[in-house]
Amino acid sequence: MADPLLQLQALNKHYGGIPATDNLSLDIESGEVHAIIGPNGAGKTTLIAQIAGSLAPDSGRVVFAGEDITQLDVAQRARAGLARSFQITSLILPMTLLENMMLAVQARSGHSFRFWKPVSREQGMRESAMHYLQQVGLADRAGLLASAISHGEQRQLEVGMALAMQPRMLLLDEPMAGMGKQESARMVELLAALKQDKTLLLVEHDMDAVFFLADRLSVLVGGRLIATGSIDEVRQNPEVQRAYLGESHA
Amino acid sequence: MEASLFYSQLLNGLQLGLLLFLLASGLTLIFGVMDFIHLSHGSFYMLGAYFCGSVVAWSGSFLLGVVAGVAASFVVGAAVEYLVARPLYRRNHLDHVLVTFGLILVFDSLVQILWGTAGMAIALPDVLTGQVELGSVVFPVYRLVIIASGLAVAFGLYLLVGKTRLGMLIRAGASNRAMVEALGVDIDRLFLYVFALGGALAGLAGLLIAPITGASSGMGTDILIVAFVVCIIGGIGSVKGAFYAALILGLLDTLSRAYLDTLLGLMMPVYYAETAAPAISAMLIYLLMALVLAFRPQGLFPPAIQQA
Amino acid sequence: MNLRALIRLRALVYAVLLILLAIAPLLTDLAGKPFMLDVLSRTLVLAIAVVSLNLILGFGGMVSLGHAAYLGIGAYSVGIASYYDLYQGWLHIAIALTSSGLFALVTGAISLRTRGVYFIMITMAFSQMAYFALVSLEAYGADDGLVIYGRSEFPGWLSMQDSRGLYYWILGILLAALLFNWRLLNARFGRVLFGAMHNDARMQALGFSTYRYRLAAYVISAMMCSLAGVLFGNFNGFISPDIMTWTRSAELIFMLIVGGVGSIFGPLAGTLVFVLLEEWLSTLWTYWHLPFGLLLIALVLAGKGGIDDWLKRLERVRRRNG
């Protein structure tokens with residue numbers, strides 16, 4: 001059996017006396033959809049940040065595809081195949097959707113120390129960008145400014161940009177955040193379509209989506225991983241029932 | 001190298017350091033608490049000197065001049081905060097730079113219009129002229145007065161920032177503005193006080209040095225950059241940092257100007273030492289700044305938590 | 001910019017402007033006012049510096065209060081070389097480009113590790129450092145400055161010995177700089193810079209090591225500015241460390257804002273307006289800095305985007321009215 005794609009080894013992050021991440025170890029297998037759930041303030045975004053590289057752990061290691069990436073910065077990890085979408089939508093707002101997407105494609109198309117040829121004339125990049133826009137259902141909005149589309153569409157674009165990076169693993173921090181019923185459904189469809197060939201690490205509050213998409217679950221409470229396993233295993237775990245899931249969903 | 005000359009230079013360095021502290025303490029708070037780039041801080045320095053000079057000439061009393069200078073800078077500081085800075089807090093740093101640069105032009109012209117372009121001398125009362133003997137060193141009384149005032153203000157600030165409610169709010173604001181706002185504190189009033197206090201301190205520094213160097217309309221812009229360097233080295237938002245950084249820079253600058261050529265002369269031919277020394281001592285504080293930034297970019301004594 | 005853009009108002013205004021600039025020596029001769037060519041030459045030299053500033057400030061969001069240092073480095077390259085009787089033009093340019101490039105590389109590498117308030121003040125401090133370095137070099141005039149006895153020598157038709165030749169050198173480099181900025185903004189490099197200015201975290205998350213791009217932009221803009229410095233030294237016949245102070249850098253930023261930061265022609269428009277305003281106001285009142293300063297404050301508080309933005313608004317109004 002192949003090595004896990006992502007290995008988190010004894011990660012620790014403390015702010016003063018507060019453990020945001022408490023001796024956390026977790027393996028993510030290649031090809032799985034793994035969801036991290038937990039109450040607010042459990043440290044989920046902190047964990048994503050440490051995996052993506054925007055936050056350095058106090059101790060512990062992050063191993064990706066067999067390589068220790070703990071010392072690498074955000075951009076280096078992104079180039080190594082780790083794509084991230086942010087909890088609070090993070091786009092280049094004064095650019096159009098197409099321009100945003102082209103940036104994502106550009107990042108994978110060699111270096112950008114090119115000063116002369118306009119990006120709009122790079123046919124290959126343009127076609128690639130349109131392809132990803134189509135994949136997330138935004139092709140007809142390509143010419144609009146990122147600031148001019150709805151919140152849900154912005155989050156779709158974020159996922160699309162993460163895809164355009166052709167990553168080995170996607171880190172999605174609450175992709176459904178702030179979305180209404182319809183938009184959430186569309187996002188779930190999109191993510192489900194990705195299941196076949198991508199590894200997803202997903203932080204989400206929307207339990208229906210989680211149960212529909214995830215192969216395995218991990219429950220985070222107070223920075224500590226209190227349970228990991230298949231949906232049924234986690235559901236039946238008494239500590240989890242006590243700490244988090246509650247009556248309505250269990 | 002005479003011992004008395006050395007002590008004399010040491011005291012000079014201390015004096016320069018404390019003056020820099022007066023200037024930088026207000027500045028570092030304005031940067032730290034309000035995230036506002038205040039290029040016209042030097043203008044308060046200048047105004048303090050001019051107002052003091054005018055009142056001294058009119059009333060004959062140096063003490064009255066000091067009070068007038070500090071009060072005037074305080075009031076102008078408050079006015080600038082209310083009229084100019086306040087609309088700009090939410091805007092980007094570029095706007096701060098442009099507006100405060102415009103203010104420098106305005107203040108410099110106003111000073112020239114009101115007081116002429118020739119500069120102004122400030123006469124000291126007889127009791128403050130003259131010299132005093134400390135052991136083997138002979139030191140001007142007035143310079144000791146400056147040192148004493150600087151230390152007194154430093155102590156006062158230490159009490160204010162460390163022991164009063166206002167001080168606590170200032171420290172909290174320097175670390176986390178959003179939190180202070182969320183606590184329901186009147187942020188507008190806090191900012192007004194910090195700005196006006198900074199102005200008063202700058203004005204005090206200006207009027208203290210003016211009897212020695214004279215007041216002139218360019219005096220603010222020259223010293224401003226040094227005050228900035230003090231803030232950077234000390235850590236933006238930290239009064240303690242400004243204190244130590246100012247003293248270090250004051251001593252370093254004074255001593256290097258006095259002794260670097262001799263020091264270099266020990267290691268290389270005198271001609272090169274004498275050519276290089278003035279250049280190096282002038283650049284020394286910037287080299288120190290670069291060094292600090294390379295290893296400790298947040299400064300030597302940064303406030304506890306940084307603003308984002 | 002595509003074909004449709006060419007028939008827009010802005011393009012028309014700028015095209016007319018460029019034509020006028022191209023035939024300016026002819027016009028000033030005809031009008032019998034050759035000194036106007038001098039004013040124009042000085043203005044265009046500053047415009048090149050502002051174009052270079054636009055590259056980092058307008059396209060990349062790096063507010064540098066130390067950019068004028070590169071004007072000084074360029075001018076002193078000419079001055080110091082001439083002091084040693086070295087007048088070859090290509091040598092002057094080579095010295096200017098190399099020294100400004102190195103200075104920018106070292107100071108930029110340190111400065112760009114910082115953000116916000118820190119960055120602005122550090123750029124200020126480094127330029128002051130350069131200022132003090134030159135002030136203390138007695139051999140090259142120190143405070144009093146250095147007279148430059150002869151212009152940079154270029155062969156044949158490239159000569160800048162007379163005012164007309166120098167003018168066309170200045171105009172040529174200005175046009176090259178504008179062209180370079182335009183192509184850069186729309187090319188890969190410019191897109192990264194622009195994106196990083198608006199959302200650095202997003203750009204890094206995509207895999208761009210934004211620090212490298214910023215540093216490259218900083219060095220390129222420094223070298224471009226040093227070319228302006230070379231031309232300035234030639235034009236002025238004299239250079240003093242005063243040109244490197246942070247207040248001069250602030251003036252450059254002022255010119256950029258007036259014209260429209262981040263646009264292509266903004267720097268040119270802004271510099272022209274700034275210098276013309278300066279020339280005019282200074283004849284009216286000795287203390288013209290006062291209304292000038294107030295104007296700047298008003299301009300910023302009102303939040304307008306400069307001349308370029310004003311022209312854009314005019315376009316929109318025209319289009320709406322048919």
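The values are calculated or read from the model by the stated rules, or taken from the named source; none is laboratory data. These numbers come from a predicted model, not from an experiment. Heads up, the Cβs are rebuilt from the backbone with ideal geometry, glycines too, and the neighbour counts pull from every protein chain shown.
At a glance:
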{"read-out": "Any hit, segment B:184-191, residues being within 14 Å of chain C (Cβ to nearest Cβ) and outside any helix (DSSP H, G or I)", "value": "no"}
{"read-out": "Residue ID - surrounded by the most Cβ atoms within 10 Å (Cβ to Cβ), chosen from residues in segment B:227-244 that are within 13 Å of chain C (Cβ to nearest Cβ) and assigned to a helix (DSSP H, G or I)", "value": "B:PHE228"}
{"read-out": "Neighbours by Cβ (under 8 Å, 6+ apart or cross-chain): first from segment C:109-130, within 7 Å of chain B (Cβ to nearest Cβ); second among the charged types (D, E, K, R)", "value": "C:GLY116/B:ASP35; C:VAL117/B:ASP35"}
{"read-out": "C:SER249 being modelled with pLDDT of 90 or more, of a type in the set (Ser, Thr, Tyr) and out of contact with any Cys (no Cβ under 9 Å at 6 or more places or on another chain)", "value": "yes"}
{"read-out": "C:ALA201 being free of Cβ contacts under 8 Å to residues at least 60 places away in the same chain and in contact with a strand residue (DSSP E or B) (Cβ under 9 Å, 6 or more places away or on another chain)", "value": "no"}
{"read-out": "Positions within segment B:217-270 being under 20 Å from B:TYR7 (Cα atoms) and hydrophobic (A, V, I, L, M, F, W, C), in sequence order", "value": "B:ALA246, B:LEU247, B:ILE248, B:LEU249, B:LEU251, B:LEU252, B:LEU255, B:ALA258, B:LEU260, B:LEU263"}
{"read-out": "A:ALA78 in a strand (DSSP E or B) and at the interface with chain C (Cβ under 8 Å from one of its Cβ atoms)", "value": "no"}
{"read-out": "All helices (runs of 4 or more DSSP H) inside segment C:239-320 with 3 or more residues being more than 19 Å from C:VAL39 (Cβ to Cβ)", "value": "C:246-259, C:289-302, C:306-320"}
{"read-out": "Selection status of C:ARG164, over 19 Å from C:SER64 (Cα atoms) and facing another protein chain (nearest Cβ under 10 Å)", "value": "no"}
{"read-out": "Residues of segment B:195-226 satisfying the condition of being within 15 Å of B:ALA123 (Cα to Cα), part of a helix (DSSP H, G or I) and hydrophobic (A, V, I, L, M, F, W, C)", "value": "B:LEU207, B:LEU208, B:ILE209, B:ALA210, B:ILE212"}
{"read-out": "Long-range neighbours under 8 Å by Cβ, at least six apart or interchain, first residue over 9 Å from A:VAL221 (Cα atoms) within segment A:30-43, second modelled with pLDDT under 85 and assigned to a loop (DSSP other than H, G, I, E, B)", "value": "A:SER30/A:ALA2; A:GLY31/A:ASP197; A:VAL33/A:LYS195"}
{"read-out": "Selection within segment B:254-308 - among the aromatic types (Phe, Trp, Tyr), surrounded by fewer than 19 Cβ atoms within 10 Å (Cβ to Cβ), in contact with a helix residue (DSSP H, G or I) (Cβ under 7 Å, 6 or more places away or on another chain) and within 12 Å of another protein chain (Cβ to nearest Cβ)", "value": "none"}
{"read-out": "Filtered residue count, segment B:209-226, keeping only those that are in contact (Cβ under 8 Å) with a residue 12 or more places away in the chain, surrounded by fewer than 24 Cβ atoms within 10 Å (Cβ to Cβ) and more than 13 Å from every other protein chain (Cβ to nearest Cβ)", "value": "5"}
{"read-out": "C:PHE265 being within 16 Å of C:ILE48 (Cβ to Cβ) and aromatic (Phe, Trp, Tyr)", "value": "yes"}
{"read-out": "Residue tally, condition farther than 16 Å from A:LEU24 by Cβ and buried (at least 22 other Cβ atoms within 10 Å of the Cβ), over segment A:60-75", "value": "1"}
{"read-out": "Lone qualifier among A:LEU157, A:LEU200, A:LEU191 - being in a helix (DSSP H, G or I) and out of contact with any Ser or Thr (no Cβ under 9 Å at 6 or more places or on another chain)", "value": "A:LEU191"}
{"read-out": "Among the residues listed as C:ALA133, C:ALA96, the single one being over 27 Å from C:MET197 (Cα atoms) and at pLDDT 95 or above", "value": "C:ALA96"}
{"read-out": "Some residue of segment C:4-14 being of a type in the set (Lys, Arg), modelled with pLDDT under 95, surrounded by fewer than 24 Cβ atoms within 10 Å (Cβ to Cβ) and assigned to a helix (DSSP H, G or I)", "value": "yes"}
{"read-out": "Pairs where the first residue, in segment B:70-89, is away from chain C (no Cβ under 13 Å) and of a type in the set (Phe, Trp, Tyr) and the second is in a helix (DSSP H, G or I) and surrounded by fewer than 20 Cβ atoms within 10 Å (Cβ to Cβ), C-beta under 7 Å, 6+ apart", "value": "B:TYR82/B:LEU192"}
{"read-out": "Of the criteria (1) surrounded by fewer than 18 Cβ atoms within 10 Å (Cβ to Cβ); (2) outside any helix (DSSP H, G or I), which one C:LEU102 fails", "value": "(2)"}
{"read-out": "Which listed residue is more than 14 Å from every other protein chain (Cβ to nearest Cβ) and polar (S, T, N, Q), from B:SER59, B:SER109", "value": "B:SER59"}
{"read-out": "Evaluation of C:LEU40 against (1) more than 14 Å from chain B (Cβ to nearest Cβ); (2) not in a helix (DSSP H, G or I) (one fails), failing number", "value": "(2)"}
{"read-out": "Qualifying position, being away from chain A (no Cβ under 13 Å), over 27 Å from C:ARG10 (Cβ atoms) and surrounded by fewer than 22 Cβ atoms within 10 Å (Cβ to Cβ), among C:TRP157, C:TRP246", "value": "C:TRP157"}
{"read-out": "Lone unmet requirement of (1) closer than 21 Å to C:ARG212 by Cβ; (2) more than 14 Å from chain C (Cβ to nearest Cβ) for A:GLU127", "value": "(1)"}
{"read-out": "Filter result for C:GLY72 (small (Gly, Ala, Ser) and not in a helix (DSSP H, G or I))", "value": "no"}
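Listed here are the residues, each with its yes/no results for (1) at pLDDT below 95; (2) more than 9 Å from chain A (Cβ to nearest Cβ); (3) assigned to a helix (DSSP H, G or I).
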residue	(1), (2), (3)
C:TRP169	yes, yes, yes
C:LEU175	no, yes, yes
C:PHE189	no, no, yes
C:MET203	no, no, yes
C:ARG212	no, no, yes
C:MET223	no, yes, yes
C:LEU227	no, yes, yes
C:PHE235	yes, yes, yes
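Results for (1) within 30 Å of C:LEU185 (Cα to Cα); (2) surrounded by 21 or more Cβ atoms within 10 Å (Cβ to Cβ); (3) within 15 Å of the chain's Cα centre (by Cα); (4) more than 12 Å from chain C (Cβ to nearest Cβ), shown as yes or no for each residue.
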{"residue": "A:ALA35", "(1), (2), (3), (4)": "no, yes, yes, yes"}
{"residue": "A:SER54", "(1), (2), (3), (4)": "yes, no, yes, no"}
{"residue": "A:ASP58", "(1), (2), (3), (4)": "no, no, no, yes"}
{"residue": "A:MET102", "(1), (2), (3), (4)": "yes, yes, no, no"}
{"residue": "A:ARG108", "(1), (2), (3), (4)": "yes, no, no, no"}
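Residues checked against (1) touching a residue at least 60 places away in the same chain (Cβ under 8 Å); (2) touching a strand residue (DSSP E or B) at 6+ places or on another chain (Cβ under 7 Å); (3) crowded, with 24+ Cβ neighbours inside 10 Å; (4) within 29 Å of C:ARG183 (Cα to Cα):
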| position | (1), (2), (3), (4) |
| --- | --- |
| C:MET36 | no, no, no, no |
| C:VAL45 | yes, no, yes, yes |
| C:VAL50 | yes, no, yes, yes |
| C:GLY58 | yes, no, yes, yes |
| C:GLY79 | yes, yes, yes, no |
| C:ILE95 | no, no, no, yes |
